[in-house]
Every structure is written in structure tokens, then in C-alpha cells.
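Beneath this line is the structure, given in C-alpha cells, with notes to follow.
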Amino acid sequence: TIQACLFDLDGVLVDTAKYHYIAWKELADKLGFEFTEKDNERLKGVSRAASLNILLEIGGLTFSEDEKARLAEEKNNRYVEYISKMDSSEILPGALEFLKDCRDNGIKVALGSASKNAMTILNNTGLTPYFDAIIDGTKTSAAKPDPEVFLLGAQELGVPAENSIVFEDAEAGVEAASRAGMASVGIGSPDTLGAANIVVPSLQDMNVVRLREALSA
Ligand code: B16
Ligand code: MG
């Protein structure tokens, strides 16, 4: 039986990847190299510090740890400017309906995001009240594919891993779910998310009845 659903944030409930992209691109421009939307795919679901390392690798640049901390902060300040303007119109199609359907069916809901800015995004979009537990980048020490974020979420909800389902758009997130002993729903393409138990293009056509059927749970 399904007792809990754990949601990744960026790419599942909202599309903040576009703001991460503009903010990283502004930094790349300033440092004098090209950073494309395709490059940005590599940063999805990856922590801020790890993202910067990938960005600098693309640019072929090396910096000290202190300089990197300053660059990451500069990017984050720009990113925060963008997300501070978000509202409920940026919730991805079907996400709000599915969160409500979980609640109506007595299924607990948790966030499992790498972002240290998750609270700002949840508050600005009005999603905060739909969560029974919120685990974000301020509460974790290991990044996905480490299962920590989802294990903490299930623990805070008081639900065993085998009764918890993870919703993820990133390959590393699907792997984190499986390492946590949880089933997963990939949001996106089966090409990249083939390791998930089921893959759907979005939460648009998802509801609890279909989820139970698809997972035989
Ligand atoms: P921040 P998720 C992730 O969110 C993003 O996909 C990733 O691009 C970003 O670098 C990471 O959060 C950290 O975000 O800089 O705000 O702490 O998909 O785990 O919800
Ligand atoms: Mg994501």
C-alpha cells in the first residue's frame, strides 16, 4: 500500500531549471565562455557547488575554493532574484491536483529537493501547505544519488520506505529512490529515466487510482 509520496521540486512541481540556466549563463558570460541549454541539462538535480564545478569544467577554468564560493554566491543572488518573482502560475500542469488527490486519499506528502532555496519557491507558489514534511538542501549532507534526502523524508513522515513512492525528473534522483528502497515515478522521458518503476511525461494525467494500478500497490 502507498502511504507516502515524496516529490523532487525542480522539474517535477515547478520548472526552476530555466532560472538556474539564466543565472549560470550570466556567470559564464562574465567569465567569457559559452554555456548552452544542452550544457544546462547536466546541472539538473545536481547541487550548487557541484553545478559550479561542471560549469567551470565546460569553460576550462580553475579557481580556488574561496573564489568558487564567491562565484556560487554571485550566481545564487541572481537566481534568488528570479525565483522571488514566481507565483502559483508556475506550478507545473497537474502537480497541484495530484498533491490534493494524495491528501484526499490519506497519503502523506514530503519534499525531497537538493535546493537550498526550496522554501522560497514553495512559499511563492503557494505549495507549502500541501506538505507534511520538507527536506531540502539545507537539511541534507549527501547529494542524490545518495538516498539521504528521501530516507529523511520518509522518516519525518513516519512511513516505511517500502510504502513510499518517489517522483523524480533526474536520473540521479531515481537512483536515490532505489537505493532508499522506494519505488519511483520518473517524470520525463523513458530514455533517461528507464530505471524508474514507471515513467510519465508529467503529473498531468496522474492520480492516486492510476498510481496504485501502475505499481500494483
Ligand atoms: P540551489 P531539485 C535542484 O533542485 C536543481 O535541479 C539543480 O539544478 C540545483 O543546482 C539544485 O537544486 C540546488 O539548488 O542552488 O537552489 O541550492 O531538482 O533537487 O529540486
Ligand atoms: Mg529535479
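The values are calculated or read from the model by the stated rules, or taken from the named source; none is laboratory data. Quick caveat: nothing in here was measured; it's all calculated off a predicted structure. Positions of Cβ are generated from backbone atoms using ideal geometry, with glycine treated the same way; all protein chains shown enter the neighbour counts.
Restrict the check to region 51-61 and report whether at least one residue is within 18 Å of Glu168 (Cβ to Cβ) and not β-branched (Val, Ile, Thr).
yes
Would region 73-82 turn up any residue that is away from ligand 2 (no atom under 13 Å from the Cβ), surrounded by 20 or more Cβ atoms within 10 Å (Cβ to Cβ) and closer than 18 Å to Thr138 by Cα?
Checking region 73-82: at least one residue is away from ligand 2 (no atom under 13 Å from the Cβ), surrounded by 20 or more Cβ atoms within 10 Å (Cβ to Cβ) and closer than 18 Å to Thr138 by Cα.
Quick check on region 55-69: of everything there that is touching a Phe, Trp or Tyr at 6+ places or on another chain (Cβ under 9 Å) and not in a loop (DSSP other than H, G, I, E, B), which residue is farthest from ligand 1 (Cβ to nearest atom)?
Among residues in region 55-69 that are touching a Phe, Trp or Tyr at 6+ places or on another chain (Cβ under 9 Å) and not in a loop (DSSP other than H, G, I, E, B), the one farthest from ligand 1 (Cβ to nearest atom) is Gly59.
Just to be sure I understand, how many residues within region 83-100 are surrounded by 11 or more Cβ atoms within 10 Å (Cβ to Cβ), more than 14 Å from Val12 (Cα to Cα) and acidic (Asp, Glu)?
Residues flagged as surrounded by 11 or more Cβ atoms within 10 Å (Cβ to Cβ), more than 14 Å from Val12 (Cα to Cα) and acidic (Asp, Glu) within region 83-100 amount to 0.
Filter region 1-54 for residues that are surrounded by 17 or more Cβ atoms within 10 Å (Cβ to Cβ), in a loop (DSSP other than H, G, I, E, B) and away from ligand 2 (no atom under 16 Å from the Cβ) and give the result.
Passing the criteria: Ile2, Gln3, Phe35.
Checking the condition modelled with pLDDT of 95 or more and either over 26 Å from Met206 (Cα atoms) or among the acidic types (Asp, Glu) (or both), which residue from Leu52, Leu92, Leu96, Leu43 passes?
Just one listed residue meets the conditions, Leu52.
Quick check: anything in region 199-209 within 16 Å of ligand 1 (Cβ to nearest atom) and either at pLDDT 95 or above or in a helix (DSSP H, G or I) (or both)?
yes
So which residues in region 160-184 are closer than 14 Å to Leu6 by Cβ, of a type outside the set (S, T, N, Q) and within 13 Å of ligand 2 (Cβ to nearest atom), if there are any at all?
Answer for region 160-184, where residues must be closer than 14 Å to Leu6 by Cβ, of a type outside the set (S, T, N, Q) and within 13 Å of ligand 2 (Cβ to nearest atom): Val166, Phe167, Glu168, Asp169, Ala170, Gly173, Val174, Ala176, Ala177.
Select, from Ala176, Ala183, Ala170, Ala142, the only residue that is more than 12 Å from ligand 1 (Cβ to nearest atom), buried (at least 20 other Cβ atoms within 10 Å of the Cβ) and hydrophobic (A, V, I, L, M, F, W, C).
Step by step, each of Ala176, Ala183, Ala170, Ala142 is checked, and only Ala183 is more than 12 Å from ligand 1 (Cβ to nearest atom), buried (at least 20 other Cβ atoms within 10 Å of the Cβ) and hydrophobic (A, V, I, L, M, F, W, C).
Restricting to region 180-194, what's the tally of residues that are over 17 Å from the mean Cα position of the chain (by Cα) and on the phi < 0 side of the Ramachandran plot?
Residues in region 180-194 being over 17 Å from the mean Cα position of the chain (by Cα) and on the phi < 0 side of the Ramachandran plot: 3 in total.
Could you give me the residue pairs with C-beta distances under 6 Å whose first residue belongs to region 27-46 and is without any contact (Cβ under 8 Å) to a residue 40 or more places away in the chain, whose second residue is in a loop (DSSP other than H, G, I, E, B) wherever it lies, and which are 6+ apart or on separate chains?
Ala28/Phe35
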